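The next block holds one structure in the form of structure tokens; read it before the comments.
The values are calculated or read from the model by the stated rules, or taken from the named source; none is laboratory data. The model shown is predicted, which means the values in this text are computed figures rather than measured ones. No Cβ is skipped: glycine too gets one built from the backbone with ideal geometry, and neighbour counts run over all protein chains shown.
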Amino acid sequence: MKKYIIRTGEGEAFNAASKARRDADAIALRLSYAPFEFHGARTAGGSILGAVRLALDGLRNWRRLIREAEPGSFVLIQYPHYPMKSALLARWMLPRAQRKGLRFIALIHDLDSLRGLHGSAAAYSDRKLLPLFDAVICHNGRMAEYLRQQGIPGGKLVELGIFDYLTGSEGEEHRQTDGIAVAGNLSPEKCGYVRELVDMGLSLHLYGKGLEAVNLPENVHLHGAFPPEALPGELAGGFGLVWDGPSASACAGKSGEYLRWNNPHKFSLYMAAALPVALWGKAALADFARDNGVGIAIEKLDDLSNTIQGISDEQYERMRRNAARIGSEVREGAYLTRALTRAEALLRS
């Protein structure tokens with residue numbers, strides 16, 4: 001019996017999505033998963049000819065997998081499976097591969113239908129393709145419950161905990177008075193709340209693209225973008241902020257509401273940097289933060305300054321030590337390693 005991980009040619013970029021998939025690929029290779037390349041473009045480019053090429057490439061990829069993979073093998077697919085519009089073909093071919101004895105594990109990075117992306121293609125994939133997998137590694141208990149409500153048997157589900165963040169760059173020790181770090185896409189659509197944070201007079205350390213470095217007050221430090229592997233060693237601040245959407249009063253909009261179910265990759269970035277987090281109290285990972293003592297939960301950003309001021313030096317140091325402990329695990333890939341081990345045991349049983 002062999003183990004394979006499907007590769008679909010994700011791009012190299014300074015963004016969390018590609019970092020998460022690259023890390024999952026690296027961890028799977030450590031666990032003796034052999035790479036199996038799916039060739040072809042990621043999009044049809046809006047043309048009929050492009051769509052035909054995508055379909056033909058996809059069909060060739062699946063036929064080659066069924067022909068070459070050893071019967072009884074495990075196949076790991078990072079989900080969503082790209083190109084997104086290949087979900088119809090994948091739904092047709094995956095049962096054929098299962099009849100050969102292949103068993104499929106889905107590692108969910110995102111449920112795009114929940115976050116309002118990719119329209120009907122995402123809805124079809126999440127509702128029709130995902131339930132066909134033999135095991136599904138989902139983010140956390142909230143997402144597991146949502147998937148059960150969508151009809152996926154609980155016996156197929158394995159909870160990840162949080163995403164790993166492979167890096168040799170450890171965060172420095174952070175002091176409580178160092179301010180707030182915000183990392184990621186700083187565009188108004190994703191981080192509209194940043195302007196309100198600026199107006200609150202908080203000391204901010206901003207990392208990423210999408211915000212112009214003009215007319216920023218002295219309390220705001222725009223550090224720019226860094227390669228994901230180097231970013232944990234660059235972060236300054238006493239807390240890393242996990243927030244999303246246009247508003248400071250709540251995590252609003254599709255991206256903000258999505259925090260109720262998902263594991264934001266920036267949470268793992270802050271853990272890799274041994275940086276305690278501040279996050280929305282209704283976020284799924286608020287439970288993880290509380291249970292592991294690695295941060296604070298707030299209902300609106302107006303509460304942030306007073307909440308931090310109410311934390312003693314001893315309380316903060318405890319949070320920092322806990323974040324460092326979790327950080328050592330995410331830097332080594334411990335969470336996905338455990339989840340894959342459980343998924344494999346599930347399939348063997």
- Message: What's the total number of residues in the range 308-349 that are within 21 Å of LEU157 (Cβ to Cβ) and acidic (Asp, Glu)?
- Response: 1
- Task: Only residues that are at positive phi and not hydroxyl-bearing (Ser, Thr, Tyr): list them for the range 19-41, please.
- Result: GLY40
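The rows are residues; the columns are (1) at pLDDT 95 or above; (2) under 30 Å from THR341 (Cβ atoms).
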{"site": "SER18", "(1), (2)": "no, yes"}
{"site": "ALA24", "(1), (2)": "yes, yes"}
{"site": "LEU29", "(1), (2)": "yes, yes"}
{"site": "PHE36", "(1), (2)": "yes, yes"}
{"site": "ARG42", "(1), (2)": "no, no"}
{"site": "LEU49", "(1), (2)": "no, no"}
{"site": "VAL52", "(1), (2)": "no, no"}
{"site": "ALA55", "(1), (2)": "no, no"}
{"site": "LEU59", "(1), (2)": "no, no"}
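Give the residue that is surrounded by the fewest Cβ atoms within 10 Å (Cβ to Cβ), with candidates limited to residues of the range 169-199 that are of a type in the set (A, V, I, L, M) and at pLDDT 80 or above.
That would be LEU186.
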- Mind telling me which of the residues ARG260, ARG325 ends up being modelled with pLDDT of 95 or more, of a type in the set (D, E, K, R) and under 15 Å from the mean Cα position of the chain (by Cα)? ARG260
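For residues that are hydrophobic (A, V, I, L, M, F, W, C) and not in a helix (DSSP H, G or I), scanning just the range 81-113, find the one that is farthest from LEU129 (Cα to Cα). Give the derivation first.
Going through the range 81-113, the residues hydrophobic (A, V, I, L, M, F, W, C) turn out to be 84, 87-90, 92-94, 97, 102, 104-108, 111.
Subsequent filtering for residues that are not in a helix (DSSP H, G or I) retains 102, 104-108, 111.
Working: LEU102: 16, PHE104: 12, ILE105: 12, ALA106: 10, LEU107: 13, ILE108: 12, LEU111: 12 Å.
Ranking the candidates gives LEU102 first.
Results for (1) of a type in the set (D, E, K, R); (2) on the phi < 0 side of the Ramachandran plot; (3) surrounded by fewer than 24 Cβ atoms within 10 Å (Cβ to Cβ), shown as yes or no for each residue.
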{"residue": "HIS221", "(1), (2), (3)": "no, yes, yes"}
{"residue": "GLY240", "(1), (2), (3)": "no, yes, no"}
{"residue": "GLU257", "(1), (2), (3)": "yes, yes, yes"}
{"residue": "LEU269", "(1), (2), (3)": "no, yes, no"}
{"residue": "VAL277", "(1), (2), (3)": "no, yes, no"}
{"residue": "ASP303", "(1), (2), (3)": "yes, yes, yes"}
- Residues that are surrounded by fewer than 20 Cβ atoms within 10 Å (Cβ to Cβ), farther than 18 Å from ARG260 by Cα and in contact (Cβ under 8 Å) with a residue 24 or more places away in the chain, drawn from the range 105-126: HIS118, ALA121, TYR124
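So is ARG96 surrounded by fewer than 18 Cβ atoms within 10 Å (Cβ to Cβ) and modelled with pLDDT of 95 or more or not? Even if it seems obvious, please write down each step before you answer.
Values: surrounded by fewer than 18 Cβ atoms within 10 Å (Cβ to Cβ): yes; modelled with pLDDT of 95 or more: yes.
For ARG96, the condition - surrounded by fewer than 18 Cβ atoms within 10 Å (Cβ to Cβ) and modelled with pLDDT of 95 or more - is met.
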- Message: Tell me yes or no: at least one residue of the range 332-346 is without any contact (Cβ under 8 Å) to a residue 60 or more places away in the chain, among the hydrophobic types (A, V, I, L, M, F, W, C) and surrounded by fewer than 18 Cβ atoms within 10 Å (Cβ to Cβ).
- Response: yes
- Item | Subset of the range 242-297 [under 23 Å from GLY210 (Cβ atoms) and either outside the structural domain of ILE308 (by TED's automatic domain parsing) or among the acidic types (Asp, Glu) (or both)] | ASP244, GLU257
- Query: Quick one: how many residues across the range 214-263 are touching a residue at least 60 places away in the same chain (Cβ under 8 Å) and over 27 Å from LEU160 (Cα atoms)?
  - Reply: 3
- Query: So which residues in the range 300-329 are part of a helix (DSSP H, G or I), among the β-branched types (Val, Ile, Thr) and within 14 Å of ALA289 (Cβ to Cβ)?
  - Reply: THR307, ILE326
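Take ARG318 and decide whether it is surrounded by 14 or more Cβ atoms within 10 Å (Cβ to Cβ), more than 30 Å from ARG103 (Cα to Cα) and of a type in the set (Lys, Arg). Reasoning before the result, please.
Working: surrounded by 14 or more Cβ atoms within 10 Å (Cβ to Cβ): yes; more than 30 Å from ARG103 (Cα to Cα): yes; of a type in the set (Lys, Arg): yes.
The answer is yes for ARG318.
Against the condition among the aliphatic types (A, V, I, L, M), out of contact with any helix residue (DSSP H, G or I) (no Cβ under 6 Å at 6 or more places or on another chain) and either surrounded by 14 or more Cβ atoms within 10 Å (Cβ to Cβ) or free of Cβ contacts under 8 Å to residues at least 24 places away in the same chain (or both), how does LEU65 come out, does it pass? Explain how you work it out, then say what you get.
Working: among the aliphatic types (A, V, I, L, M): yes; out of contact with any helix residue (DSSP H, G or I) (no Cβ under 6 Å at 6 or more places or on another chain): yes; either surrounded by 14 or more Cβ atoms within 10 Å (Cβ to Cβ) or free of Cβ contacts under 8 Å to residues at least 24 places away in the same chain (or both): yes.
It is true that LEU65 is among the aliphatic types (A, V, I, L, M), out of contact with any helix residue (DSSP H, G or I) (no Cβ under 6 Å at 6 or more places or on another chain) and either surrounded by 14 or more Cβ atoms within 10 Å (Cβ to Cβ) or free of Cβ contacts under 8 Å to residues at least 24 places away in the same chain (or both).
Based on what the data block shows, is GLN78 surrounded by 19 or more Cβ atoms within 10 Å (Cβ to Cβ) and either in a loop (DSSP other than H, G, I, E, B) or of a type outside the set (Asp, Glu) (or both)?
Details: surrounded by 19 or more Cβ atoms within 10 Å (Cβ to Cβ): yes; either in a loop (DSSP other than H, G, I, E, B) or of a type outside the set (Asp, Glu) (or both): yes.
Here the answer is yes, as GLN78 does meet what is asked.
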